[in-house]
Amino acid sequence: MKLEIKNLSKTYSNGVKALQDVSLTIEKGMFGLLGQNGAGKSTLMRTISTLQDPDSGQINFNDINVLKKPEDLRKVLGYLPQEFGVYPNVTADELLTHIADMKGIVNKGERKDTVEALLQKVNLYDVRDKKLDGYSGGMKQRFGIAQALLGNPELIIVDEPTAGLDPMERNRFYNLLSELGEDAVVILSTHIVEDVSTLCTDMAIIGNGKVMLTGKPNEIEEAMRGKIYEVPIDRNKLTEYQEKYNVISQRFFAGKLMITVLADELPDGKFDTKKPSLEDAYFKILSEN
């Protein structure tokens with residue numbers, strides 16, 4: 001089970017180069033696509049999902065030429081877009097049943113069993129008769145996953161699924177997503193580093209429509225060991241430190257400004273060695289581009 005993307009490019013009519021020669025190989029499991037808003041993630045997800053055509057390049061999923069036979073890909077695709085709308089005045093059971101019917105699950109008994117099983121899976125069964133406008137943001141996202149899982153898809157795409165969720169709902173969503181990669185190729189597109197570090201075994205960082213880095217999150221972190229240092233400073237000295245050191249990120253901790261610096265050796269005795277994180281690697285890539 002494999003998704004292969006080769007030399008994919010897309011330029012919009014306003015001149016924005018949304019994708020520039022993107023090539024990726026994604027196998028079964030959870031794959032994280034990490035990048036800032038506007039990096040090209042959603043364009044790539046829509047293109048893979050056959051919602052728009054690229055200017056050039058190829059996409060193959062197993063033996064399916066996606067650009068030539070989009071209808072074949074749709075039969076094995078589950079997709080949760082960044083903006084997922086629901087009909088507010090129907091219940092979760094009613095809408096999921098309707099979507100199941102559209103996806104070709106026409107046998108009434110099979111459809112009922114499938115819908116009930118999915119609502120159980122996403123922990124919405126007890127509120128299945130509640131209208132969707134009464135659902136929280138996290139509940140709507142879990143409903144979105146339920147509709148994406150209809151038909152047992154082999155390729156699942158979730159675009160910014162945890163944006164705007166509170167910590168408790170995000171943890172619920174992590175638990176749900178973690179199960180999906182066991183039997184499918186799952187692409188998690190996000191700007192939240194924690195999403196990737198928590199869930200994904202492989203990843204890519206994308207920016208300005210280009211793939212900047214690929215690899216396994218733990219190996220990307222390990223490659224930065226011994227090169228990351230941090231120190232608390234006065235806020236008014238930030239510019240001074242930026243001129244002297246390669247400052248890749250900054251954050252507040254206990255009211256003090258903490259800066260993270262990339263260097264081949266300890267900058268001076270004021271700095272402490274920092275255990276590298278995926279966030280550090282991400283900020284390093286962004287600082288270089």
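The values are calculated or read from the model by the stated rules, or taken from the named source; none is laboratory data. Given the structure is predicted, the values throughout are model-derived calculations rather than measurements. All Cβ positions, even for glycine, are placed from backbone atoms using ideal geometry, and neighbour counts span all protein chains on display. When the accessible area is computed, the model is the full protein with side chains, heavy atoms only, and any ligands, DNA or RNA have been set aside. Shrake-Rupley method; radii C 1.70, N 1.55, O 1.52, S 1.80 Å.
The H on the amide N of residue 246, modeled in the peptide plane, is under 5 Å from the matching H of 262, each at least 5 residues off or on a different chain. Bridges between two residues of the chain, per DSSP, are antiparallel at a rate of about 65%.
Working note: Cα gyration tensor of the chain, eigenvalues times five, square-rooted, sorted largest first, giving semi-axes of 39, 24, 16 Å. Rg and Dmax, both from the Cα atoms of the stretch 214-256 and both in Å, are 13.4, 37. Of the GluC sites (Glu not before Pro) found in the stretch 73-111, those that fall in a DSSP loop while having at most 16 other beta-carbon atoms within 10 Å are 83.
Among the listed pairs 2/284; 210/284; 227/284; 41/210; 237/270; 10/210, which are separated by more than 18 Å between their Cα atoms?
Details: 2/284 30 Å; 210/284 16 Å; 227/284 11 Å; 41/210 10 Å; 237/270 14 Å; 10/210 11 Å.
Check vs 18 Å cut-off fails for 2/284.
Note on the chain: GNM, Cα springs under 10 Å; of 206, 192, 145, the largest mean-square fluctuation is that of 192. Using the Karplus relation 6.51 cos²θ - 1.76 cosθ + 1.60 with θ = phi - 60°, the per-residue 3J(HN,Hα) values for the stretch 90-107 come to 10, 8, 4, 5, 5, 5, 5, 5, 5, 5, 4, 4, 5, 7, x, 8, 8, 5 Hz, with x marking Gly and Pro.
Just order 173-180, 155-162 by mean Cβ neighbour count inside 10 Å, highest at the front, would you? Please report the intermediate quantities before stating the final value.
Working: 173-180: 16.6, 155-162: 24.1.
Result, highest mean first: 155-162, 173-180.
Between residue 175 and residue 36, the modelled label-to-label distance comes to 3.5 nm, taking each label 7 Å out from Cα in the direction of the beta carbon.
For the stretch 133-248, the normalised intensity computed at q = 0.18, 0.21, 0.22 Å⁻¹ comes to -1.03, -1.21, -1.27 (log10 of I(q)/I(0), Debye sum over alpha carbons, equal scatterers, no solvent). The slack between residue 240 and residue 98, meaning 0.36 nm per residue of separation minus the straight C-alpha distance, is 45.1 nm.
What's the FRET efficiency of residue 62 with residue 288 using the Cβ-Cβ distance as r and R₀ = 35 Å, to the nearest 0.05?
On the way: r = 35 Å, r/R0 = 1.01.
Once rounded, the FRET efficiency stands at 0.50.
Its convex hull of Cα atoms gives the stretch 59-212 a direction-averaged projected area, equal to a quarter of the hull surface, of 10.0 nm².
What are the GluC sites (Glu not before Pro) within the stretch 190-286 that DSSP puts in a loop, where the Cβ has at most 13 other Cβ atoms within 10 Å?
Details: sites: 194, 219, 221, 222, 230, 240, 243, 265, 279; in loops: 265.
Listed in order of number, the matching sites are 265.
Mean residue ellipticity at 222 nm, helices only, the chain: -9500 deg cm²/dmol; runs of at least 4 DSSP H residues each add -39,500 (n - 2.57), and the sum is divided by the number of residues. Just how far, in whole angstrom, is the stretch 257-276 from the stretch 49-95 if you go by their alpha carbon centroids? Their Cα centres are 45 Å away from one another. The angle between the Cα long axis of helix 278-287 and the longest principal axis of the Cα atoms of the chain comes to about 70 degrees, rounded to the nearest 10. For residue 112, a cut-off of 16 angstrom between C-alpha atoms picks up these aspartates and glutamates, skipping any fewer than 8 places away in its own chain: 93, 94, 101, 126, 129.
Extension gain for residue 263 to residue 223 (0.36 nm times residue separation, less C-alpha to C-alpha distance): 13.1 nm. Here the ratio of the Cα radius of gyration of the stretch 56-129 to 2.2 N^0.38 Å is 1.37.
How long is the gain from residue 194 to residue 9 if the chain were fully straight, where each residue apart is worth 0.36 nm and the alpha carbon distance is subtracted?
Working: separation 185, 0.36 × 185 = 66.60 nm, distance 2.81 nm.
Once the chain is fully extended between residue 194 and residue 9, it gains 63.8 nm.
Taking every protein chain into account, the 1.4 Å probe leaves residue 46 with about 80 Å² of accessible area, to the nearest ten.
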